[in-house]
Amino acid sequence: MPTSATHPVDESRPLSRILLFGIQHVLVMAATPISAIFLMSATLHLDPGLTVNLLSAAFVLSGAGSLIQSLGPWKFGPKLPFVMLPGGAPLILFMAIAEQHGLRTASGAVIITAAFYFIVLPVFSRLLKFFPALVIGTMIVIVGVNLVKVGAVLVTGRPGEPGFADTTNLMLGMATIGFTVAFYLVFTGVLRQLAVMLGLMAGTALAFVLGSVDFGRAAEGGLVNVPQLMPFGSPEFNLIAALPLMLYSLASMAEATGQTVINAEAVGKDIDKRTDVPKTIRGDAATSLFGGFFGLPLMVTSGENIGIVRVTGVRSRYVTAAAGVVLIVIGFLAPVTRAISVVPSAVVGGTAMVVFAVITVLGVQMLGRSDLDRHTSTFICAVALALGLLPILIPGVYGGFPPNARILLESGVAVGAFVAAFLNVLFHHVRPRLSRTPPTRSAEHATAPVDEGEPRDAVPHA
């Protein structure tokens with residue numbers, strides 16, 4: 001039984017409830033490893049047997065990483081309710097390396113990058129002071145908007161492709177959101193906390209009635225999947241080929257910083273960024289290192305479950321640990337994996353849009369505590385949002401750039417994070433030092449030329 005001194009994130013609940021809440025996390029995020037592996041299989045023309053093996057490995061490693069981040073053994077994992085997934089941007093980089101240099105080199109690049117995390121982490125941890133709430137909040141807003149778009153694409157499909165904006169899919173997505181809202185409105189207590197899972201299940205039931213689900217496929221094939229070590233053969237190590245992924249890892253560490261801070265905010269726990277953020281990054285690195293040997297792209301902490309934590313109010317890290325166990329079991333049980341994979345993407349997308357939008361709101365809340373009535377803070381946030389949202393809102397905008405530059409520029413999260421961090425250093429660290437009498441925070445508006453004569457809530461003119 002928890003004592004009065006036990007923080008809600010460390011509370012252990014009855015096993016039945018922990019398992020239910022853990023399954024809810026799994027149902028919401030299961031589409032990510034499934035879609036990631038199916039996309040990799042289609043792009044790289046992998047055979048069905050290899051695809052099943054990679055899908056099994058993705059679930060098992062996602063579960064193992066979730067356990068590491070939630071339980072925090074030794075110096076790995078921040079002991080916060082985290083779930084881990086194959087990363088979206090790292091997946092694209094993995095496929096690009098595989099197409100240019102082969103699958104064995106791509107696996108080697110993941111292993112090299114995972115080791116690179118450990119090498120640069122001591123330096124990165126010293127730079128955390130340059131990632132205040134203003135920078136992290138801006139990044140979280142971009143992450144949230146990007147994730148809402150990912151969820152929306154699951155409902156609508158991609159423009160120009162067959163079936164785009166299909167009315168049945170749109171209805172299923174909107175109905176799933178409607179079910180979730182209705183359950184959250186009508187129910188109280190535990191059932192209200194399960195509104196996300198119940199909405200997803202109701203959407204799936206509706207899809208079944210409309211003939212959009214075929215559960216018969218779940219009974220096909222064997223009963224057990226065992227992930228295969230080095231499915232592409234022995235990894236090949238090529239530093240030049242791995243360079244784009246290593247560069248991305250710097251953005252990934254910045255994103256992990258934001259994920260850790262916003263997760264702690266969601267559960268109401270005070271953390272020390274200098275010690276807890278490196279634990280998250282070590283967890284990412286360790287999971288990615290093992291994932292590389294099983295043919296997977298880099299594994300990253302997921303923002304999806306943060307939205308679920310905020311919606312449900314269930315803050316215990318043992319819930320995501322239970323989700324980790326469920327993911328590992330799913331990875332070995334072939335029928336369960338196939339059953340989850342038949343849930344229509346439109347239903348998953350409807351659920352995901354709500355959960356991801358909550359992450360955007362969390363970023364806005366953090367920005368609200370970032371003293372945005374300071375002109376420089378408003379300007380930094382505006383420029384970072386403009387550049388970070390550009391590749392998200394207008395895909396292909398950097399199509400004419402060289403491939404390596406395009407890989408980084410098309411990651412809106414990376415661009416937004418680096419722009420916000422750079423401008424924060426420029427305006428709040430370098431600029432005051434260049435002045436003879438560095439302005440204090442309260443006196444900035446009286447001494448800074450760019451702000452002279454403007455009220456505190458004014459927006460700087462172009």
Using only Cα atoms, tell me the angle between helix 375-393 and the longest principal axis of the chain; keep it within 0 to 90° and round to the nearest 10.
30
Rule-of-thumb check for the stretch 337-421: C-alpha Rg over 2.2 N^0.38 Å?
1.42
Just add up the charged neighbours of I394: K/R +1, D/E -1, any other residue whose Cβ is under 13 Å from the Cβ of I394.
0
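Over the stretch 302-430, what is the mean sequence separation of C-alpha contacts under 8 Å (at least six apart), divided by residue count, expressed as relative contact order in percent?
Computed over the stretch 302-430, the figure is 22 percent.
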Could you state the accessible area per residue of the chain in Å², with a 1.4 Å probe and every protein chain left in place?
44
Relative contact order (percent) for the chain, with alpha-carbon contacts under 8 angstrom and 6 or more residues of separation?
31
Given the DSSP H assignment, sum -39500 (n - 2.57) over each helix run of at least 4 residues in the chain and divide by its residue total; what's the result at 222 nm in deg cm²/dmol, nearest 500?
-22000 deg cm²/dmol
Roll a 1.4 Å probe over the protein heavy atoms and report the accessible area of S66 in Å², nearest 10.
0
Compute the acute angle (0 to 90°) between the alpha-carbon long axis of helix 15-29 and the principal axis of greatest extent of the alpha-carbon atoms of the chain; round to the nearest 10°.
80
Sorted by packing (mean other beta-carbon atoms within 10 Å per residue), highest first, where do 255-261, 373-379, 19-25, 204-210 land?
255-261, 19-25, 373-379, 204-210
To the nearest 10 degrees, how steep is helix 167-186 against the longest Cα principal axis of the chain, on a 0 to 90 scale?
70
Cα extents of the chain per principal axis, largest first, Å, are 74, 56, 50
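Taking only the C-alpha atoms, wrap a convex hull around the stretch 230-383 and report its volume per residue in Å³ as a whole number.
Enclosed volume per residue, from the Cα hull, is 174 Å³.
Please compute the contact order of the stretch 146-273 in relative form: average sequence separation of alpha-carbon pairs under 8 Å and at least six residues apart, divided by the residue count, as a percent.
12
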In a shell of Cβ-Cβ distance under 12 Å around L298, excluding L298 itself, what net charge do Lys and Arg (+1) and Asp and Glu (-1) give?
-2
Rounded to a whole %, the carbon-and-sulfur portion of the accessible area of the chain at a 1.4 Å probe is 67
Between T51 and D214, what FRET efficiency follows from the Cβ-Cβ distance if R0 is 22 Å, with the result rounded to 0.05?
0.75
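The values are calculated or read from the model by the stated rules, or taken from the named source; none is laboratory data. Since the model is a prediction, treat every value here as computed from it, not as a measurement. Ideal geometry is used to build each Cβ from the backbone, glycine not excepted, and the neighbour counts take in all protein chains shown. Heavy atoms of the whole protein, side chains included, go into the accessibility calculation; ligands, DNA and RNA do not. Shrake-Rupley method; radii C 1.70, N 1.55, O 1.52, S 1.80 Å.
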